[in-house]
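Chemist: Attaching a single structure in C-alpha cells format; questions to follow.
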Amino acid sequence: MYSNDGFRELGRQECLRLLAKVPVGRIVHTRQALPAVLPVTFCLDRDDAVVLCASATSELVRAVDSTVVAFEVDEIDAAAHSGWSVVVTGPATVVTDPVEHERLARGGPRSWVPSPRQVFVRIGPELVTGRELAGVRTLYGVDLTP
C-alpha cells in the first residue's frame, strides 16, 4: 500500500472476512490489450478462491480462462468518508472437473443472468490485499469531517 495516505493495510484473514460479506465484486482482466472491469456475483470457496458463474459462451470466460486477473470488492460510506477495499490477484481457470462443477452448481454462486450452459470460474488467491480508511484524519493531518 501507499504509506502515509490515511489508510490502514489489512491482513489476509481480515481481507477474506470482508470479501465474504458482499455479494458483488469486479473482475479486472485484459480485453484487446486494454484493462476491462466487469461487475459479477461471486462466492468464496473452501480454499479461499473466488468463484463466479457465467455463461459458457460469454466473452468474459474466453478472456479470463488461464490468465492472471484481479478481483476487487469494497464497501464505501461516502457520507462518513469511510470504507474498505480488498483485491484478490491470481490465475483464473474454468472449472472442468464434473464433480467439482456439480458441487458448485448445488452451492456455489448464482449468476444474475442465467444461461442454459453455465460454467464456474475459479480465481486462485495468490495475492490478497486490502485497505481501510483509518479514521476522519489522514496521516497528513488533514481533517476529513464535513
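Chemist: Quick one: how many Å² of F7 are accessible to a 1.4 Å probe, rounded to 10?
Modeler: 80 Å²
Chemist: Quickly work out the A36-to-E102 label distance, labels modelled 7 Å from Cα along the C-beta direction, and quote it in nm with one decimal.
Modeler: Placing both labels 7 Å beyond Cα along the Cβ direction yields 3.3 nm.
Chemist: So how do S115, S66 rank on accessible area, 1.4 Å probe, biggest first, that is with the largest at the start?
Modeler: S66, S115
Chemist: Give the angle, between 0 and 90 degrees and rounded to the nearest 10, that separates the Cα long axis of helix 98-107 from the longest principal axis of the Cα atoms of the chain.
Modeler: 50 degrees
Chemist: Counting only heavy atoms of the protein chains, get the accessible area per residue of the chain (1.4 Å probe) and round it to a whole Å² value.
Modeler: That works out to 58 Å² for each residue.
Chemist: At a Förster radius of 22 Å, what calculated FRET efficiency corresponds to the Cβ-Cβ distance of D48 and D77, to the nearest 0.05? Let's see the in-between values first.
Modeler: On the way: r = 26 Å, r/R0 = 1.19.
About 0.25, to the nearest 0.05.
Chemist: Working out 0.36 nm times the residue gap between V28 and E14, then minus their Cα-Cα distance, what length gain in nm do you get to one decimal?
Modeler: 2.9 nm
Chemist: For the chain, what's the radius of gyration and Dmax over Cα atoms, in angstrom?
Modeler: 17.0, 55
Chemist: Across the Cα atoms of the stretch 1-54, what radius of gyration and what greatest pairwise Cα-Cα distance (Dmax) are found, in Å?
Modeler: My reading of the Cα-based Rg and Dmax gives 13.9, 40 Å.
Chemist: When Lys and Arg each count +1 and Asp and Glu each count -1, what net charge do the other residues less than 9 Å away from S85, Cβ to Cβ, add up to?
Modeler: Values: positive: R131; negative: E72, D74, E75, E132.
So the surrounding residues net to -3.
Chemist: Give the carbon-plus-sulfur fraction of the accessible surface of the chain in %, rounded to a whole number; probe 1.4 Å, heavy atoms of protein chains only. Present the calculation step by step, with values, prior to reporting the outcome.
Modeler: Values: 4870 of 8540 Å².
Percent of accessible area from carbon and sulfur atoms in the chain: 57.
The values are calculated or read from the model by the stated rules, or taken from the named source; none is laboratory data. Predicted, not measured: the structure shown is a model, and the values here were computed from it. Note that we place each Cβ from the backbone using ideal geometry, even for glycine, and neighbour counts take in every protein chain shown. For accessibility, only protein heavy atoms count, side chains too; no ligands or nucleic acids. Shrake-Rupley method; radii C 1.70, N 1.55, O 1.52, S 1.80 Å.
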